[in-house]
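What follows is calculated from the coordinates using simple rules that are stated; it is not laboratory data. What you are looking at is a predicted structure, and each value in this text was computed from that prediction instead of being measured. We place every Cβ from the backbone using ideal geometry, glycine too, and count neighbours over all the protein chains shown.
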Amino acid sequence: MALTFPQLNMHLKGRGQILYPRLKPQLDAAFANLSSKPGPKGEPSDTAKLIKDHEDREAALARGELPQFSAEQLERQKAYRIMFGPYLSAQRTQADQRPAQPVVGLPPETARAIIAFADAGLFPPDIWPDVSSQWRQIQATAVLPDPTAL
């Protein structure tokens, strides 16, 4: 059955991986602005900085650390998510009417760390569906008092 373009657009909303072929020219144009040559005073190239930042984030996550962002970085991430929201997978699910039950065995501190990680926009798109299915339960766990606090 053929879909109309409005129906197709509605169906594809938030499906960035499906839209990739259509967006590839724009993404390539944005990537073309990154330089591979070191700066005039010996500064690292744009691509070297991008790779180093990514590897630093991955190493911090492997050590169990949440990355620290400046206020400017957080503002830019939020603006990016707002501007490109239709092309990104949703990182928030709609709340349904039933109250969520806390996740048994998940410490509230860990639930709060998961929420901070999501708020920073760090969940990869292939991992987020697994987390989003439990999002309301994670939120319910995060508001519980910490049993280790005296």
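Side notes on the structure shown:
- Between Tyr80 and His54, the simple spin-label model (points 7 angstrom out along Cα→Cβ) gives 1.2 nm.
- Whole-Hz Karplus values for segment 56-66 come out as 5, 5, 4, 5, 5, 5, 5, 7, x, 9, 8 Hz, taken residue by residue from phi with 6.51 cos²θ - 1.76 cosθ + 1.60 and θ = phi - 60°; glycine and proline positions read x.
- Amide H partners (placed H, <5 Å) of Val103, local residues excluded: Thr141
- Between amide H atoms placed 1.01 Å from N, distances below 5 Å from Leu144 occur with no residue 5 or more places distant or on a separate chain.
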